[in-house]
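Written out below as structure tokens is the structure these notes cover.
The values are calculated or read from the model by the stated rules, or taken from the named source; none is laboratory data. Computed from a prediction, not measured in an experiment: that's the story for all the values here. Glycine gets a Cβ as well: all are built from the backbone with ideal geometry, and neighbour counts include every protein chain shown.
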Amino acid sequence: MKLIRSISGIRGIIGNNFNDTIAAEYAKAFSSIQKQGPILIGRDTRNQGTEISTKIKGELTSLGRTILDCDIAPTPAIQFLAKELNTSGAIMITASHNPMEWNGLKFIDSDGCFINKDKINLLLNNIDTNSLPKQSDNKGKAISHVDSLSIFIDALLGLDFVDVENIKKQHFKVVVDTVNGANYYLLPHLLRMLNCEVIELYCNSSGIFDRNPEPTPENLTLLSEYVIKHGADLGLASDPDGDRLSIIDNKGIAIGEENTLVLCADTYYKETKSKSPLVTNLSSSMCLDFIASKHNVPIYRSAIGEANVIELMKYKKSSFGGEGNGGVILKDIHLGRDSLVGAIMILDMLCKRKKNLNQIMDDIPKYYMIKEKIELSSIDISLFYDYLSSIYPDAKSNTIDGLKLEWHDKWLHIRKSNTEPVVRVIAESLNSGTTREMIEDTIKKLKEYSIEG
């Protein structure tokens, strides 16, 4: 299998197509496209993270770079600090939600945003043509910056529209599941600073993922049981690098990672009265259209991928956005998905609405989304898009990213993944049966087309 290279960075399987030497070569390519200045390094807890970090630091200091090392830290903290510490950029060592035998790199620009398509293409070209920088006569040095994570926490506690003192008075009981990933310390720490009683589940730095690393409802059954067992106000779950947040309500019900962004969008526009556009991606819930209409703000949708959402946020001058996989983006902190931003916004919402989470969800329209993925090799996916479009001439077609077919009360999106060797099929409607039918019919057609092709 080839190394996965996309707008989301690079990902591979340790011992198969990825190791510390390969990582260091890509780090050098990143250095070659960035301005002068220090480079920030962070990592999640997974396999070979220490070896990869050590190798990268060695190679970059040989180029004369100063390295600011945050060691284990969630991606959002690294993004925030990349800008806050006036770096030339940052590298996050992670494979995000992929299984623990994977690892990879995310590349962050000096403004704290992931590098854009033009820069990633330049980086990949430098790798492919072996146009890498040579060792410098002046060796750089690596400096520990673990203590800088407190700057990130202070920024969260200083959000203008969040009533921190009110949150502290509530003494919320929260169960936290970080899948033993990068959030293992920082998310519980933030909650304790907000006077929450924290019950930890999978909150160590072992890098052993005791559940499927994607924080989707089907993977959070033990978290749901813990919420009920301990009589908690809610449960919070993140993925291994801490940029996505999923929520369990006070009755132990997983509300779905799509609703993390829905709730945060609703509370953001309610509290700030902002008329800034809401920006999300093509696969995020149409419940966000309801939220945008409710607060009389425009909504825009980009191709899948955080970098694409951020580029559109910049273009539309948006201060709030995100992806429906639990990724909340708040410009006030940084332009990147952030589970810790989501957590503090949800607690603030619970305080101000004086309702429990289950009651708040009763006020949110119910949509039914299903996400599936399928491994296919022998298919020209672009031809399948044309075929599928011809079957549904009554649907509005969007080809920004794969193919999205839209009707007034439902939609279907099919696309090749940026982060896994799969085709993703996602559908949503007002009826669970309708959604399931769309998914099953599309996968059947996809398999038939693959065989015929």
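Observations, loosely collected:
- Checking each residue in segment 226-276 for being within 18 Å of the chain's Cα centre (by Cα) and among the acidic types (Asp, Glu) picks out 239, 241, 243, 257, 258.
- Residue in segment 54-63 that is closer than 13 Å to residue 112 by Cβ, more than 23 Å from the chain's Cα centre (by Cα), surrounded by fewer than 24 Cβ atoms within 10 Å (Cβ to Cβ) and not assigned by TED's automatic domain parsing to the domain that holds residue 185 present: no
- Qualifying residue in segment 176-188 (condition: out of contact with any helix residue (DSSP H, G or I) (no Cβ under 6 Å at 6 or more places or on another chain) and at positive phi): yes
- Residues that are among the basic types (Lys, Arg) and modelled with pLDDT under 95 within segment 138-196 comprise just one, 139.
- Any hit, segment 210-220, residues being β-branched (Val, Ile, Thr), under 29 Å from residue 92 (Cα atoms), surrounded by fewer than 24 Cβ atoms within 10 Å (Cβ to Cβ) and touching a residue at least 12 places away in the same chain (Cβ under 8 Å): yes
- Single match in 223, 263 (criterion: outside the structural domain of residue 323 (by TED's automatic domain parsing) and either touching a Lys or Arg at 6+ places or on another chain (Cβ under 6 Å) or part of a helix (DSSP H, G or I) (or both)): 223
- From 348, 338, residue being over 16 Å from residue 304 (Cα atoms), touching a Gly at 6+ places or on another chain (Cβ under 9 Å), charged (D, E, K, R) and surrounded by 20 or more Cβ atoms within 10 Å (Cβ to Cβ): 338
- So residue 199, is it closer than 19 Å to residue 244 by Cα and β-branched (Val, Ile, Thr): no
- Among the residues making up segment 133-152, those that are crowded, with 17+ Cβ neighbours inside 10 Å and hydrophobic (A, V, I, L, M, F, W, C) are 142, 149, 152.
- Applying the criterion of being modelled with pLDDT of 95 or more and out of contact with any Asp or Glu (no Cβ under 7 Å at 6 or more places or on another chain) to the residues of segment 415-430, the residue that is nearest to residue 307 (Cα to Cα) is 426.
- A residue that is free of Cβ contacts under 8 Å to residues at least 40 places away in the same chain, farther than 12 Å from residue 63 by Cβ and assigned to a helix (DSSP H, G or I) occurs somewhere in segment 8-21.
- The single condition among (1) farther than 13 Å from residue 175 by Cβ; (2) touching a residue at least 60 places away in the same chain (Cβ under 8 Å); (3) out of contact with any Phe, Trp or Tyr (no Cβ under 6 Å at 6 or more places or on another chain) that residue 271 does not meet is (3).
- Inside segment 138-183, residues that are in contact (Cβ under 8 Å) with a residue 12 or more places away in the chain and part of a loop (DSSP other than H, G, I, E, B) make up a count of 18.
- Every residue from segment 57-102 that is hydroxyl-bearing (Ser, Thr, Tyr) and in a helix (DSSP H, G or I): 61, 62, 75
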